[in-house]
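*Asks:* I have a structure I would like to understand better, so I am pasting it below and will then ask my questions one at a time.
The values are calculated or read from the model by the stated rules, or taken from the named source; none is laboratory data. These numbers were taken from a predicted model, which means no experiment stands behind them. Here Cβ is always computed from backbone atoms with ideal geometry, including for glycine, and neighbour counts include all displayed protein chains.
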Amino acid sequence: MNMSKTVVLLSLFFLLPAKAEMTARAVVSAIDRTILSAEISGNVVYLPTGDGEYFKKGALLAKIDCAIYEAQQRKIEIQKKIALYQMQKNEQLNKLNAIGAFEVLISQEEYSKQGAELDIVSVNVKRCKIYAPFNGRVVEKKVNLHQSIKAQQEILEIVGTGNLEAIVVVHATWLSWLKKGDKLTLNVDETQTDIKVIVKEIGAVVDPTSQTVLIRAKLFKPYGKIIAGMSGTATFNYKNNSKN
């Protein structure tokens, strides 16, 4: 920013009254928003009915056909039992000096190996079901019911309804008086309602081109009909400390 522009901005700052209301545009954003992906391949056998559907934390959001993984789990469970019987048999034979310590050690390691294999297949069985990590709504279904999908393929985009914030871009000169914890009012365009907001975080850097900084402000509940993506005007209570 050149010297003449700096002088103009500083002049405007000192011309402000001791108390004033400063406004800036804001966008409502959800703190909790993510895309859920499959960790295993298979056919999708359960999905929410449609976009916009509400769900609670812990609710089942998607299910992949688990028949093959459950069969593998049962197979390893049987193999682990066989390894246990063999290990117990070898331990008894060793006490009778019928076999050596090496055979006992091998059977013990085989039993441990089958236990590890069972842990692996059990993880895959758990991955057949995807549960909601927070209260929210379905933004978009990325796949269809009965569709065959691959591991790492996107399934659902979801957004939380329990934690909303306002993203506000203000001029860098506001940093002379704006601070974390300041309270403000957000008038939401779409609902024409006012909601109380508090500054949660102030951006770490100033954009050198626009000379602006990003502010994140937490919305106080209840939100009413306010949802992520709405926009509005944030009103700050400005105090010019240079005028006493």
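*Asks:* Modelled with pLDDT under 95 and not aromatic (Phe, Trp, Tyr), is that true of Glu103?
*Replies:* On the way: modelled with pLDDT under 95: yes; not aromatic (Phe, Trp, Tyr): yes.
When the stated conditions are applied, Glu103 passes them.
*Asks:* Please verify whether Gln114 is surrounded by 16 or more Cβ atoms within 10 Å (Cβ to Cβ) and either over 45 Å from the mean Cα position of the chain (by Cα) or in a loop (DSSP other than H, G, I, E, B) (or both), treating the condition exactly as stated.
*Replies:* Details: surrounded by 16 or more Cβ atoms within 10 Å (Cβ to Cβ): yes; either over 45 Å from the mean Cα position of the chain (by Cα) or in a loop (DSSP other than H, G, I, E, B) (or both): no.
Spelling it out, it is not the case that Gln114 is surrounded by 16 or more Cβ atoms within 10 Å (Cβ to Cβ) and either over 45 Å from the mean Cα position of the chain (by Cα) or in a loop (DSSP other than H, G, I, E, B) (or both).
*Asks:* Something else about it: Taking the stated definitions as given, is Ile130 closer than 30 Å to Ala228 by Cα and not in a helix (DSSP H, G or I)?
*Replies:* Working: closer than 30 Å to Ala228 by Cα: yes; not in a helix (DSSP H, G or I): yes.
Here the answer is yes, as Ile130 does meet what is asked.
*Asks:* Continuing with the same structure: Tell me which of these Gly162 doesn't satisfy, since it passes every other one: (1) in contact with a strand residue (DSSP E or B) (Cβ under 8 Å, 6 or more places away or on another chain); (2) modelled with pLDDT of 95 or more; (3) more than 30 Å from Ala83 (Cβ to Cβ).
*Replies:* In the conditions (1) in contact with a strand residue (DSSP E or B) (Cβ under 8 Å, 6 or more places away or on another chain); (2) modelled with pLDDT of 95 or more; (3) more than 30 Å from Ala83 (Cβ to Cβ), Gly162 misses (2) alone.
Results for (1) buried (at least 16 other Cβ atoms within 10 Å of the Cβ); (2) modelled with pLDDT of 95 or more; (3) in contact with a Lys or Arg (Cβ under 8 Å, 6 or more places away or on another chain); (4) closer than 30 Å to Thr49 by Cβ, shown as yes or no for each residue.
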| residue | (1), (2), (3), (4) |
| --- | --- |
| Phe134 | yes, yes, yes, yes |
| Glu154 | no, yes, yes, yes |
| Val188 | yes, yes, no, yes |
| Leu214 | no, yes, no, no |
| Tyr223 | yes, no, no, yes |
| Thr233 | no, yes, yes, no |
| Asn240 | yes, no, yes, no |
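*Asks:* Filter the stretch 145-164 down to the residues that are in contact with an Asp or Glu (Cβ under 8 Å, 6 or more places away or on another chain) and either assigned to a loop (DSSP other than H, G, I, E, B) or polar (S, T, N, Q) (or both) and list them by number.
*Replies:* Ala151, Gln152, Gly162, Asn163
So that you can scan it fast, the table gives a plain yes or no per residue for (1) outside any strand (DSSP E or B); (2) in contact (Cβ under 8 Å) with a residue 24 or more places away in the chain:
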| site | (1), (2) |
| --- | --- |
| Ala166 | no, yes |
| Glu190 | yes, yes |
| Ala217 | no, yes |
| Lys221 | yes, no |
| Gly232 | no, yes |
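*Asks:* Only residues that are closer than 9 Å to Gln114 by Cβ and among the hydrophobic types (A, V, I, L, M, F, W, C): list them for the stretch 78-96, please. Steps first, answer last, please.
*Replies:* First pass over the stretch 78-96, keeping only residues closer than 9 Å to Gln114 by Cβ: 79-84.
Passing the criteria: Ile82, Ala83, Leu84.
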